[in-house]
Structures are given as C-alpha cells and as structure tokens.
Amino acid sequence: MALDKIGIAKRIAQEVKDGSYINLGIGIPTLVANYIPDDIEVVLQSENGLLGIGRFPYEEHVDADLINAGKQTVTMLPGSSLFNSSESFAMIRGGHVHLTILGAMEVSENGDIANWKIPGKMVKGMGGAMDLVASAENIIVAMQHKSRSGESKLLKECSLPITGIKCVKKIVTDLAVLEVMPEGGFKLLERAPGVSVDEIKEATAGKLIVEGDIPEMKI
Amino acid sequence: MALDKIGIAKRIAQEVKDGSYINLGIGIPTLVANYIPDDIEVVLQSENGLLGIGRFPYEEHVDADLINAGKQTVTMLPGSSLFNSSESFAMIRGGHVHLTILGAMEVSENGDIANWKIPGKMVKGMGGAMDLVASAENIIVAMQHKSRSGESKLLKECSLPITGIKCVKKIVTDLAVLEVMPEGGFKLLERAPGVSVDEIKEATAGKLIVEGDIPEMKI
Amino acid sequence: MINKVISGADEAVKDIKDDAVLMLGGFGLCGIPENCISALLKTGVKGLTCISNNAGVDDFGIGLMLKTRQVKKMISSYVGENAEFERQLLAGELEVDLIPQGTLAERIRAGGAGIPAFFTPAGYGTEVAEGKEVREFHGKKYLMEEWLQADFALVKAWKGDTAGNLIYKGTARNFNPMMAAAGKITIAEVEELVPAGELDPNEIHTPGIYVQRIFEGKDYEKRIEQRTVTPRN
Amino acid sequence: MINKVISGADEAVKDIKDDAVLMLGGFGLCGIPENCISALLKTGVKGLTCISNNAGVDDFGIGLMLKTRQVKKMISSYVGENAEFERQLLAGELEVDLIPQGTLAERIRAGGAGIPAFFTPAGYGTEVAEGKEVREFHGKKYLMEEWLQADFALVKAWKGDTAGNLIYKGTARNFNPMMAAAGKITIAEVEELVPAGELDPNEIHTPGIYVQRIFEGKDYEKRIEQRTVTPRN
C-alpha cells in the first residue's frame, strides 16, 4: 500500500544522522521533525535566521517576532541562536547545514530538481530553494511518485524550469526509496509495504535501476 | 617656522566636519583627536572592531580586551559599538567612513601614496592601509614635507612601492597645506607661519601650483 | 552635534521622491517598517522600486503600497501571499525581479560592504543564470552576482539609541541589518529609543554608522501570517 | 547526542598533523587562542601554515610557535612586532604572504560563507594586484580575491555554551567569528563555558553550527602590547 504523507515523513526521519544540522522545507519535510527518534539529536535551521527550531508555542507564548521560514510562529530550544539572512545563507552556502529535505514537482535521473515554477501559472518565487539545492552536501526529496494527473515525477529530464542541477541524492515517495546514482538513474532501494517492483517501474518514467531483491521499507 | 607634529595635528583638526566618522592612522593622525573643537562631534573608527574610541583608560580600568588598531588600551564612549573585522572593513570599503587621516612616506602629484614598504628593509605588512586608501571618499595625509635625509616626499611619481593610487585629496605637512588636483599637481593652499612660498617650492619635487597670494595657516 | 533623531515616520520619508529605489526590511510580515510604510501611503510617492524579500499581504505591509499603485517594481525572493500583487503582475502593471533568497541577502550585504560582485552557486544551470557570467572554482560552477544598493533603506528594530545603534529581536532581524548598511540614507524605526550609552556595545547588531535617521515608532501591529500553536493537552 | 565539549586544549589539538593549515583568531595579542597555542607547542607538530592577522610577539602568541620552528608559512596583514620572525624571514626559513587586512577578513568570511571569490578595490594598482584579475564596476577598478579556508580554526571567545554558541568581549572579537566559520574543524576555547540555554540567543556572535569542539580554557594571561593610560590629574 502506498504511504501517506506521514509515512513518507517517518521513512525520511530514518535518514537523519545524530548531531546533524538540517533544513526542512515546507510541507512533508516539516513533518519529518515529528518522527526523529528520541536518541537522535539534530538542530533544525530556519533560513529566516534561527538555529534550533522548537515546537509551536502555547497560545499565550505566541510571538510575532519569532517565526520559521514558513512564517509559522515557533519557539526556541536551549542552545538556539538568532542571526540575519546573510549569515543564514552563509551557513547554507558554506556547507555547514548537512542535510536539506524538500519537496519537488519533478526530479530527473541525473538529480536535477524542479520545484519553483510552472509555466503559465503565477510565479511566486524560489525563496531559498535555489540556494539550498546548490549548497547542501546531502539533499533528500520528499514527494508523491506521480502527479495528481497520474504522470511520473521521476523523469529522464525535468520538463519544468529547474531549481538546481545534479543535486538530489535520495528520493522518498509514497511508493519507494530511491538513490540518484552519480552516473545517472534512480536506483531502487526499498519498496513501500505491499508495493511491487512492477508498480514502481510503471510509475517511474526515468531510468530505474533494480538490482537483486528489493526489501520493503520498515516504518 | 615649520610646524611640529602637534601643529600638523592641530591644522588637520580644522578639516574635520561635524557629524563625521573618521579613521585615524598611527602617529600624527592619532594626535588629531586631541585638537578637534568641542562643538564638533565626530566618531572615531578603529579597524579592529570599534566605533566610538574614547580616551586612554585610567590605570584601574585597563582592559586587555579593549584596544585600538595601534594595539593601545582604550575606552569606549556612550554610543560606541563593537563588531568583527569583516564588518569593520565592510564599513570602510562601503564608504561609510567619511575621512581617513594617515601618514605617508611619499605622495605623488596625482595622489598616489606610498606608506607600507621600503625595498631592502624588513616588510612588516600593509595592515589595513590598502583597504583604507582604496575606499575612503576623503583621504588626508599628515607627514613631514621632507624626509630625514632632506629629500622631498611630494613627488612627481612615488619611488617606493605604493599603497594606493589616485586617492590622496589633501596633504598637511610641517610647511604647507596642499590639495591634490584631479588633473594632477599639488595646489598650495596655505603656508606654515613664517614659511615662504619659495621654501615650499624648494621642498616640493612634484608639480607645485601657486595661484595668487598664499595665506598663512591659522592655528 | 550629530542629531539622527527625528520626530517620526512622516519626517523620515518626506524627501523620498517618485521613482526612488527603496529597501524594506522584513521576512513575511515579521520585522517590517510598519510606520514608514504608513507614512509613504500618505505622501503618495509613486514609481517606487522596492527591494524586499516579500511583498506583504493584501492588506498589510508592502501590499498596502501595491493597492495604491505606488510600486513600479518589486525585487524579491518570494511574493506568494498577495492577490492584488498577482493581478497587477498578470496585467503587466508591475515589474518583478525574482532572486534566490540567499543571493538577495548577499547582494544587499555586498552593496553595504563595497563589494561590487561575488560568486555564488545558487541558480547555476537554471533560468536565473541567463545572461550571467559562469565561472568554475575548485571544480564547482558559480554565477557572478552584483551588489544591490538603495536610495533609502527602511528598517525596523527592537531597540535603538540616539547614535543610531540597533538591536533586533528574534527572527525580526532577517534582512534588516544588511539593508541598513546598503541604503544611501537609512531610516530606522524602533520600538524603543534610548539615549546613547544605554545599549551594551557588545550586543549591538547594527552599528550606528549605517543609520542616518531614527525614531520611535507607534502602534506596532506585528501581524502574524501563520499563527501555529501547541494545544495544552 | 551532540557532544562538542572536550576536556581541554590537549585533546582539542591532538589530531592536528604536520603541514596542516590553521586559522588563529586575534588582533595583536587581543583575543588569541592562548590555550591551543600552548598545546601545539607540546605536540610539536611542524610545517604549519598559520592564517592570522598578526604573528604575535617574541615570547607570546604565535611568536612562541615561531621560536620552536613549527610554522612554515604565515598569512597575515601585519607582522611587525617580532624579532625572531624577522630573523627567520630574512634567513629564508619562513614564507610570508602579506594581505591587506580588509581583504584578509573578507577572504576568510568568504571561505566560511561558500563564496569562492569576490571583488575588492584594496590593492588595485599596487604590487598586491600582481597576477590578479582586475575588473571595472561602475567606473572603479577592483581585484578579484579568492576565499581562504583552513583545516582547523582556533578561536577564543569570552563565553560559550555546550551547543558551541560563542560570545566575544570587546575588541577581542576581531577575526574570531569569520575564522570560526571557515575552519573544517573549529576549536573554540572560552573563558566561561555554560550549559546550552544560558546564553541569550539574540546576543550570540557565533552560532554553534560553526563550532565542532569547545572547552573552558585556563590561566588566560591576556598580555597587553601597548598599555596606554590616562593619568589621574
């Protein structure tokens, strides 16, 4: 059975390494924070100028001057620090943030990502996404395997304007976990529970690499 | 009579405009601070990370963590601020410091300055001088008109390795106040008390421009 | 004497003329110069180019200046929360220059720091790279990006002193410090204005050298875009 | 769990190997990593490249490491207070790369910020420009300068917490924050180490993300180069 958003978030949470600094995009990536095991300590970075994002505040502690990059009110944790936008992206661009998890409209088999613009629709802007994908050493994409209209989002080449090239390392979808190979191609690592390799093949337009038995995800 | 160092500092103090931010080099320039009129308010910048340099501390207030760019212990004033070296030179490079006063070994008639290196002698380094002369909108040089060996320090071209090109706007020496003209040449503005135009001509190797009566400095 | 303190927002913005280039601090509606925006609505100045990470919402922030058609061009990283913005854009009444957020922050920082250009990897290989110089350093490709400066920078701080020193609060810092340095004239509105000497020099975020005008603002609304809370039990 | 706290300077520097590139914070003798320098004297590591604004004096700071011949190359803006330095330089035993102070600060900042190169006017038309690309922007000439990074950055702060956050004091801040960001491994020695949560997040100068190791230093001498005082009466 295909995973729901929470399932995707739970599976990605397994990728998180103890002691790492992480930037989470809006949507499913934000949910990942809820499923990181208790014995793993990570620090979440928000590109508007905060390291150490805590939970949402209690009603009486809501502070308009303390938001995350999604403009949601948040709290700080012991050890948090505040800084300006230039310092924030210095952190990102300088490779100090170890992992970026973000959503995508399309990913190509060489790791290009498209997630900021649909021709013909109002363009809202790339925000910090282009800086993040051009900079992070490890980028994991969280998305549905197919679009709402049923088309594969894992392509040979992106059809939409891209956000960054050759940057995505891993993809977790409702159907599978895949690694983007340096030489190109989506290497199938795991299947969602009850989803067959054939279903994944059918849903993947780009080159899918299947070697040996493909285990089911453990969530 | 030629001015002494204090006389040069006093004359330069007259150039200081109310409300300006100023960087003072080591030596005579540092003395200028003592002769700024009481009704003129300026803020002194120290490139090691301090705006608003105060006087030297009383013995019991000496703080090893509070020094100026000459490594002397100093104090702060109401309104002072502290920052890192990158921010300090951002201030300088960005043109926020209005006036730089510094010493020189040589100045050329097109405004080049040499003050960091003597071939054959140990080279100690340029410190912040190259950033200051490349950036400040107004640069005044404080120096003796001639070297100890009696040679003019106002030249057609610098003989020593230069610190910056076409940057010096004004020169105050023991003998004269001179403006560096945009088209080249030292325009004589004032004579030291009792010093004749001929004495200044004799002491100036570069092109000296003398127009009309040259008044004596008022100190 | 140096006197940077002015009476209020009206005096602060009165010499901002048509077609001026402005920077406005803030991320979303957090840390925006509310008082100066209100004053600009009153002066009716037109043809403004506004450099700001976002464009406000329909009825707050820069959105208010869009409604009154005072903005000719926005330079931003994300402008998604504003229906009037979308209408004007699609009608060709508004120019928009979209810039990756880190590049925007760094171009503004460069403007204040006297660095005319620098290299960044953001946008390489995308349409953002069109017309820009690409160069490889240490095996990675980078774009050359140039500084941004403004005629006026409008920033909002938490505390300020009469020497122009500023301290921001929380994530309301965001773009404000870099903009303070990149404005030819920088106007700071603060929640609390104190005499010089009352702020700890070691805690100052924006040194006073960057600020030409300062005043204590009034009636801060500090609107929240996404009020997210943790329920008690 | 993230554990950045280590026992002291000896543990901090034990994996610094011969020929490593180091950054050392400080301006003159103000804000230098005294404990780490002492520990390096004990390990006897050799062939070091030291990026530091100055080179200490004969019997303090980096000067101590020059005496023991542990330094192969200095990258600095001013090295004038050190007789042993001069002797080694004139004898050809030491390489020196002299860089304008603002360019040095910005190259280090660029190293931490992932900016491989930028343009600065400092040194244009001088021998510093030799071999460097010159480019004109807005009618003024600039040199292209590249980032500086280090295997280890050794910084000194006033207060630090177990998450690696740092607060500096007075002008002891100087080059320390940029170096903290530009080291592959950054070692912070602090006068007072407190649990995470005790420092105000709004007052932190160096966010903990840049610091890999932290310890509370001992026996700070904080030597003064020019003790200048105002006499009473």
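Every number here is computed from the coordinates shown, using simple stated rules; none is lab data. All values derive from a computational prediction rather than experimental measurement. So basically every Cβ, Gly included, is an ideal-geometry build from the backbone, and we count neighbours across all protein chains shown.
When the helices in chain D are scored as -39500 (n - 2.57) per DSSP H run of 4 or longer and the sum is shared across all residues, what 222 nm value do you end up with, to the nearest 500 deg cm²/dmol? Could you put the intermediate results ahead of the total?
On the way: 6 runs with 49 residues, N = 233.
Helix-only estimate at 222 nm: -5500 deg cm²/dmol.
Between D:Thr43 and D:Glu93, what is the FRET efficiency for a Förster distance of 35 Å, r being their Cβ-Cβ separation, to the nearest 0.05? Kindly include the intermediate steps, with their values, before the conclusion.
Numbers: r = 20 Å, r/R0 = 0.59.
Working from the Cβ atoms, E equals 0.95.
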Whole-angstrom gap from the stretch B:27-63 to the stretch C:32-46, using each part's C-alpha centre: 39
Alpha-carbon Rg/Rh ratio, for the stretch C:123-189, with Rh computed the Kirkwood way: 1.18
Label spacing, shortest first and in nm, from A:Ser147 to its equivalents in the remaining copies (7 angstrom along Cα→Cβ): 7.5
Neighbouring partner chain Cβ atoms per residue of D:22-31, average, 10 Å criterion: 4
Distant alpha-carbon pairs in the stretch B:65-104 (separation over 12 angstrom), percent: 72
Pairwise Cα inverse-distance average, inverted: Kirkwood Rh of chain B (Å): 17.9
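What does the net charge come to around C:Ile214 if you take all other residues with beta carbon closer than 9 Å to its beta carbon, with K and R at +1 and D and E at -1?
So the environment of C:Ile214 carries a net charge of -1.
Cα gyration tensor of the stretch D:81-164, axes a ≥ b ≥ c as square roots of the eigenvalues: rounded (a/c below 1.5), prolate (a/b > b/c) or oblate?
oblate
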Residue-averaged [θ]222 nm for chain B, counting only DSSP H segments that reach four residues, each worth -39500 (n - 2.57): -4500 deg cm²/dmol
Among A:Pro57, A:Pro119, A:Pro193: highest mean-square fluctuation, GNM of chain A, C-alpha pairs under 10 Å: A:Pro119
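Using 30 Å as the Cα-Cα cut-off, could you pick out the over-long pairs in C:Lys4/C:Lys222; B:Lys166/C:Lys141; D:Lys14/D:Lys72?
Working: C:Lys4/C:Lys222 25 Å; B:Lys166/C:Lys141 36 Å; D:Lys14/D:Lys72 19 Å.
Pairs exceeding the cut-off: B:Lys166/C:Lys141.
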Listed residues C:Leu193, C:Leu98, C:Leu22, most fluctuating in chain C (Gaussian network, C-alpha, under 10 Å): C:Leu98
Viscosity 0.692 mPa s, temperature 37 °C, Stokes-Einstein D of chain D from Kirkwood C-alpha radius, µm²/s: 179
Gap separating the Cα centres of the stretch D:176-220 and the stretch D:47-85, nearest whole Å: 24
For the axis carrying chain C to chain D: nearest C-beta residue of C, whole Å: C:Phe118, 2
Residue order, fewest to most beta carbons within 10 Å, for C:Met179, A:Met122: A:Met122, C:Met179
Proxy reagent accessibility, fewest Cβ within 10 Å first, across B:Trp116, D:Trp158, C:Trp147: D:Trp158, C:Trp147, B:Trp116
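Which whole-number percent gives the relative contact order of the stretch B:22-166, counting Cα pairs below 8 Å spaced six or more residues apart? Walk me through the numbers before you get to the answer.
On the way: 257 pairs, mean separation 35.8, N = 145.
It comes to 25 percent, rounded to a whole number.
Grab the other residues whose beta carbon is less than 15 angstrom from that of A:Glu216, score K and R as +1, D and E as -1, and report the net. Before the final figure, lay out the partial values.
Numbers: positive: A:Lys10, A:Arg11, A:Arg191, A:Lys218; negative: A:Asp174, A:Glu190, A:Asp198, A:Glu199, A:Asp213.
Result for the local shell: -1.
How big is D, in µm² s⁻¹, for the stretch A:137-219 by Stokes-Einstein at 20 °C and 1.002 mPa s if Rh is the Kirkwood radius over C-alpha pairs?
On the way: Rh = 13.1 Å.
Using the Kirkwood radius from Cα pairs, D works out to 164 µm²/s.
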Candidate lysines for bridging to D:Lys67, where Cα separation is under 17 Å - those fewer than 8 sequence places away on the same chain excluded: D:Lys42, D:Lys46
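Where Rh is the Kirkwood radius over the Cα pairs of the stretch C:34-83, the temperature 20 °C and the viscosity 1.002 mPa s, what D in µm²/s does Stokes-Einstein return? Mind dumping the intermediate values first?
Numbers: Rh = 10.7 Å.
D = 200 µm²/s.
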Where a label projected 7 Å from the Cα of B:Glu183 along Cα→Cβ would reach, residues of the stretch B:193-219 with amide N under 17 Å: B:207-212
Backbone HN-Hα couplings from phi across the stretch D:112-123 [Karplus 6.51/-1.76/1.60, Hz, Gly and Pro as x]: x, 9, x, 10, x, 6, 8, 10, 9, x, 4, x
Distant-in-sequence amide H partners of C:Trp158 (H built 1.01 Å from N, under 5 Å): C:Ile167, C:Tyr168, C:Lys169, C:Glu191
Simple label model, 7 Å out from Cα along Cβ direction - A:His61 to D:Lys218, nm: 3.9
Alpha-carbon centroid distance for the pair the stretch A:64-130 / the stretch A:1-22, whole angstrom: 17
At 7 Å out from Cα toward Cβ: C:Asn3 inter-copy label distances (nm, ascending): 6.2
Share of alpha-carbon pairs per 20 Å distance bin for the protein assembly as shown, given as whole %: 14, 44, 32, 8, 1, 0
Proximal charge balance of D:Gly160 [Cβ under 13 Å; K/R count +1, D/E count -1]: -2
Beta bridges by DSSP in chain C, antiparallel share as percent, to the nearest 5: 30
Built amide H within the under 5 Å cut-off of A:Ile53, gap 5+: A:Leu44
Gaussian network model of chain B, springs between alpha carbon atoms under 10 Å - residue of B:Lys121, B:Lys146, B:Lys170 with greatest fluctuation: B:Lys121
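Please compute the Kirkwood hydrodynamic radius of the stretch C:90-218 from all pairs of different C-alpha atoms, in Å with one decimal. Write down the numbers at each step before the final one.
Values: mean 1/r = 0.0616 Å⁻¹.
The answer is 16.2 Å.
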